[in-house]
Amino acid sequence: MADEAAEFWSEFEKETGEKVEARCIGQYLGMDDGAAGLWGLLVLTDKSFRFKYMPSDNWLSSLFKRAGKSSKPKGPVEVTIPRGDMAAVEVPKRDFLARLFGPAFPRLTISAQDGTKYLFTLDPSGGFLKAMENAISQRG
């Protein structure tokens, strides 16, 4: 399994021409609207922020499928925000009660130079938030 993961990330870097600095699991909530989202990979590279959703029909996801039409896209979904286009990265501070009673994953808002806001939630355990904060602070 570790070999497959290393191969995936090596192929990712070859395809994009970018060096991966941080990655985690997260949910894309949409742009400005907070719409129900897709779960996928959040990737910070030396040149951009990326969200990558890849549909799968593994045995685990089949346990949770509902009868009828699926609202999830049939193909991959990618969101790419070049680092130079990121105006701000916002992560609401969570006090003790918010961490205890709030959602498990914190919300991340990336504001682009053109005013567009991209909303995500992410797994906070791997240092991704710190890498995002460093990326935006190095720009300015």
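The numbers here are math on the coordinates, done by the rules we state, and not lab data. In this text, all values refer to a predicted model and were calculated from it rather than measured experimentally. Backbone-built Cβ (ideal geometry, glycine too); neighbour counts: all protein chains shown.
By count of other Cβ within 10 Å, fewest leading, how are GLU133, GLU15 ordered?
On the way: GLU133 12, GLU15 8.
By the 10 Å Cβ count, ascending: GLU15, GLU133.
At R0 = 41 Å, how high is the FRET efficiency between PHE101 and SER137 if r is their beta carbon distance? Nearest 0.05 is fine. Don't skip to the end; give the middle numbers.
Details: r = 30 Å, r/R0 = 0.74.
Plugging the Cβ-Cβ distance into 1/(1 + (r/R0)^6) gives 0.85.
In straight Cα distance, which aspartates and glutamates are under 14 Å from LYS74, not counting same-chain residues fewer than 8 positions off?
Within reach: ASP57.
Distance check, please: which entries in LYS52/LYS117; LYS14/LYS93; LYS14/LYS130; LYS52/LYS130 exceed 27 angstrom between their Cα atoms? Could the numbers behind the result be given before it?
Working: LYS52/LYS117 17 Å; LYS14/LYS93 36 Å; LYS14/LYS130 25 Å; LYS52/LYS130 20 Å.
Over 27 Å Cα-Cα: LYS14/LYS93.
Please compute the length gained on full extension between LYS74 and GLU90, using 0.36 nm multiplied by the number of residues separating them and subtracting their Cα-Cα distance. Working shown, then result.
Numbers: separation 16, 0.36 × 16 = 5.76 nm, distance 3.06 nm.
Residue separation times 0.36 nm, minus the Cα-Cα distance, leaves 2.7 nm.
What's the local net charge at TRP9, with K and R +1, D and E -1, over the other residues with C-beta under 13 Å away?
Values: positive: LYS14, LYS19, ARG23, ARG50, LYS52; negative: ASP3, GLU4, GLU7, GLU11, GLU13, GLU15, GLU18, GLU21.
So the environment of TRP9 carries a net charge of -3.
Taking amide H positions as placed 1.01 Å from N in the peptide plane, with prolines and chain starts having none, which residues 5 or more places from SER48, or on another chain, fall under 5 Å of its amide H?
Excluding prolines and chain starts, which carry no amide H, the hits are ARG83.
Please find the FRET efficiency linking LEU41 to LYS117, where r is the Cβ-Cβ separation and R0 is fixed at 25 Å, and quote it to the nearest 0.05. Numbers along the way, then the final one.
Numbers: r = 20 Å, r/R0 = 0.82.
The calculated FRET efficiency here is 0.75.
Can you tell me the FRET efficiency between LYS130 and SER10 if r is taken as the Cβ-Cβ distance and R0 is 22 Å, rounded to the nearest 0.05?
Details: r = 24 Å, r/R0 = 1.10.
Once the sixth-power term is evaluated, E becomes 0.35.
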